[in-house]
Amino acid sequence: MSKDIHVAVLMGGWSNEREVSLMSGTGVADALESVGYKVTRVDMDRDIAVVLAKLKPDVVFNALHGVPGEDGSVQGMLDLMQIPYTHSGMVTSVIAIDKELTKTQTRLDEHGKQLTNFTNRKNG
């Protein structure tokens, strides 16, 4: 793989996991730069589509935590912009962020046998 690749590392954002994302993104960016990749660190804000359109990265490394980085929102935008990215795709992210939906989608094992039932308990 050519090290001429421009990687935009998305980090930060506005979720309550912002600080963890900034640490993750910084670590990823540092590692990529240490082996010679061109890296742009992007602290994600609501104008992210405009920012990425101007940057024209070859690929996006998604170091976002929580919404909107793990719920399919960013993945859908990147799909529409036709920018390759790390992370699960949009549909998988939409399902995985919703634990109850994930369980309803994964109720059968590899042999087609029903998995055990689960109970969704709400706090309060």
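Within the stretch 27-68, being under 16 Å from the mean Cα position of the chain (by Cα) and among the polar types (S, T, N, Q) holds for one residue alone: ASN62.
The set of residues in the stretch 49-67 being within 18 Å of GLY12 (Cα to Cα) and surrounded by fewer than 20 Cβ atoms within 10 Å (Cβ to Cβ) consists of ALA49, VAL50, VAL51, LEU55, VAL59, GLY66, VAL67.
Of the candidates VAL51, VAL9, VAL28, VAL94, the single residue that is touching a Leu at 6+ places or on another chain (Cβ under 9 Å), modelled with pLDDT of 95 or more and either of a type in the set (A, V, I, L, M) or at negative phi (or both) is VAL9.
Suppose the filter is modelled with pLDDT under 95, assigned to a loop (DSSP other than H, G, I, E, B), touching a helix residue (DSSP H, G or I) at 6+ places or on another chain (Cβ under 6 Å) and of a type in the set (A, V, I, L, M, F, W, C); does LEU101 pass it? Considered against the rule, which asks whether it is modelled with pLDDT under 95, assigned to a loop (DSSP other than H, G, I, E, B), touching a helix residue (DSSP H, G or I) at 6+ places or on another chain (Cβ under 6 Å) and of a type in the set (A, V, I, L, M, F, W, C), LEU101 comes out as no.
To keep it simple, each residue is scored yes or no on (1) assigned to a strand (DSSP E or B); (2) of a type in the set (A, V, I, L, M, F, W, C).
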position: ASP4; (1), (2): no, no
position: VAL7; (1), (2): yes, yes
position: TRP14; (1), (2): no, yes
position: GLU19; (1), (2): no, no
position: ALA29; (1), (2): no, yes
position: VAL39; (1), (2): yes, yes
position: VAL42; (1), (2): yes, yes
position: ARG46; (1), (2): no, no
position: LEU52; (1), (2): no, yes
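Exactly one residue among GLU17, GLU33 is among the acidic types (Asp, Glu) and modelled with pLDDT under 95, and that residue is GLU17.
The values are calculated or read from the model by the stated rules, or taken from the named source; none is laboratory data. What you see is a predicted model, and the numbers here were worked out from it, not measured in a lab. Backbone-built Cβ (ideal geometry, glycine too); neighbour counts: all protein chains shown.
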